[in-house]
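Structure first, commentary second.
Computed from the coordinates by the stated procedures, all read-outs in this text should not be read as laboratory data. Since we're looking at a predicted model, the values are computed, not measured. Cβ placement follows ideal geometry from the backbone for every residue including glycine, while neighbour counts extend to all protein chains displayed.
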Amino acid sequence: MAIFRTSRAALLALPVLFLGACDNGGGTTAPTATVPSASATSTAAPSTPAPSTDGTRCRTADLSASVGRLDPGAGQKNFPVVLTNDSDRVCTLRGYPGAAFVNAAGKQLGPDPKRSEATPTTVELAPGSSAWAGLSFANPEISEAETATPAALLVTPPDERDPLKVAWDKGEVPVGGNESSVFLTVFGPGSGA
């Protein structure tokens with residue numbers, strides 16, 4: 001009977017482990033925590049969270065966002081997406097921002113941007129300091145992609161869910177057809193100017 005209780009406890013903990021490891025395949029949603037049921041909690045040992053630097057991570061509320069000036073390339077439009085630490089503490093950014101062009105009603109225009117194949121580094125931001133990620137796309141006048149003129153760019157800091165809204169006054173962006181992809185780079189220190 002004691003063997004059955006041990007097996008039962010292990011079986012009750014299995015759904016928690018499998019649910020925590022599932023991925024919906026979209027790759028664009030933030031991870032969610034799975035809370036074990038009362039019966040699993042009473043019989044299974046608590047799990048220890050993995051060590052992280054969450055205590056220093058820049059939160060959406062710590063930051064302001066802006067888009068820098070156009071830096072044209074060969075058939076490309078390139079803009080720095082800048083996050084500035086407005087808090088009174090040092091915080092860090094690591095990885096890519098989330099970004100979406102939206103119309104005045106808040107509806108997303110075009111697909112999610114693609115990420116460059118770069119290795120993320122941790123950028124430490126003192127109060128008042130900035131980090132930037134590159135946003136680029138083929139010039140729609142050359143690529144002949146379908147276009148729209150966004151009202152804003154939503155920028156979500158790494159590992160956050162709440163975006164910052166930046167008015168978009170940089171003209172049309174590609175939203176469909178040939179050469180309609182928008183690309184993002186990882187964050188680096190500075191303003192990208």
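Cross-link partners for K170 among the aspartates and glutamates, with Cα-Cα distance under 17 Å and sequence neighbours closer than 8 places in the same chain left out: D71, E141, E146. Note on K114: lysines with a C-alpha under 16 Å away, same-chain residues under 8 apart excluded, are K77. About its Cα centre, segment 81-193 has a charge dipole of approximately 220 debye under the convention of +1 per Lys or Arg Cβ and -1 per Asp or Glu Cβ, with nothing else charged.
Between T122 and E144, the modelled label-to-label distance comes to 4.9 nm, taking each label 7 Å out from Cα in the direction of the beta carbon. Distance between the C-alpha centres of segment 140-185 and segment 70-86: 12 Å, rounded to the whole angstrom.
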